[in-house]
Ligand code: GUN
């Protein structure tokens, strides 16, 4: 291994401490406690773990956590009713609806019903538009976490070639917008891209968010490049369940200059950025 391991766990801890300090100050100076409502519909085991961790970390940094666990058969109208109540509740500053939602619910309808000022996921169409036009927006947590790690490691990103593998609304597209805002030359590549290998090899920075275990190996990576692995995949290996990223860590670490591990890389940054976004939403609400 020649690459520096980018420690997302340690960096996320500093972000959470910063948030906790601001939360304590808001309470003592203004008597306000930021509140985050998390809505989970159904019983997807991975989503349940994420939601539990979000609630725990929200409380640990001094914010109020409101958890709404709804039956998988909840109707779209019932969910919209809950969103309306959370929008109107002054103790709720941030609202997150855990994805994926059951198939009978139209996700975009739900996401666009959230008050954009409380949209701490940054998925409401008006926040997507604000980010895309370089205006002040709520920024999706996972790409924001990746950007913070990149800035921390590189300093300025100006002029670097960044390749984003994956074009999801949650990670790929907002990631590309953020890198563009930091003056990178950005390529979004995906399963239909031609000559993916030479695209990846052109990158000073590669962000991989495709949801396929260990799909990117070291032989495609330009020596010294920075590799950010957004994937979290559960696989069976040697009779054991193991968490791996979208990047084959050992081969990539022999080629890259720096790389995020899985676990302990991007994952902890996502929740830390959610807490930071909730604090931001609370401060903006206060005026
Ligand atoms: N499911 C996977 N990632 C996310 C995320 O960042 N936000 C929400 N709401 N659901 C998710």
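The values are calculated or read from the model by the stated rules, or taken from the named source; none is laboratory data. Predicted, not measured: the structure shown is a model, and the values here were computed from it. FYI the Cβ positions are ideal-geometry reconstructions off the backbone, even for glycines, and counts take in every protein chain you see.
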**Request:** Within the range 114-137, track down each residue that is more than 12 Å from the ligand (Cβ to nearest atom) and either buried (at least 20 other Cβ atoms within 10 Å of the Cβ) or closer than 16 Å to residue 178 by Cβ (or both).
**Result:** 118, 127, 128, 129, 130, 131, 132, 133, 134, 135, 136, 137
**Verdict on residue 160 being surrounded by 19 or more Cβ atoms within 10 Å (Cβ to Cβ) and either within 16 Å of the ligand (Cβ to nearest atom) or under 25 Å from residue 251 (Cβ atoms) (or both)** = yes
**Request:** Might you let me know whether the range 54-72 holds any residue that is within 14 Å of the ligand (Cβ to nearest atom), loosely packed, with under 12 Cβ neighbours inside 10 Å, assigned to a helix (DSSP H, G or I) and not assigned by TED's automatic domain parsing to the domain that holds residue 241?
**Result:** no
**Test result for residue 245, within 16 Å of the ligand (Cβ to nearest atom), crowded, with 24+ Cβ neighbours inside 10 Å and without any contact (Cβ under 8 Å) to a residue 40 or more places away in the chain** = yes
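Yes/no per residue for (1) free of Cβ contacts under 8 Å to residues at least 40 places away in the same chain; (2) more than 30 Å from residue 63 (Cβ to Cβ); (3) in contact with a helix residue (DSSP H, G or I) (Cβ under 7 Å, 6 or more places away or on another chain):
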| position | (1), (2), (3) |
| --- | --- |
| 195 | yes, yes, no |
| 252 | no, yes, yes |
| 264 | no, no, yes |
| 270 | no, no, yes |
| 280 | no, no, no |
**Request:** Taking residue 96 as the residue in question, decide whether it is in the same structural domain as residue 76 (by TED's automatic domain parsing), at pLDDT 95 or above, outside any helix (DSSP H, G or I) and surrounded by fewer than 20 Cβ atoms within 10 Å (Cβ to Cβ).
**Result:** no
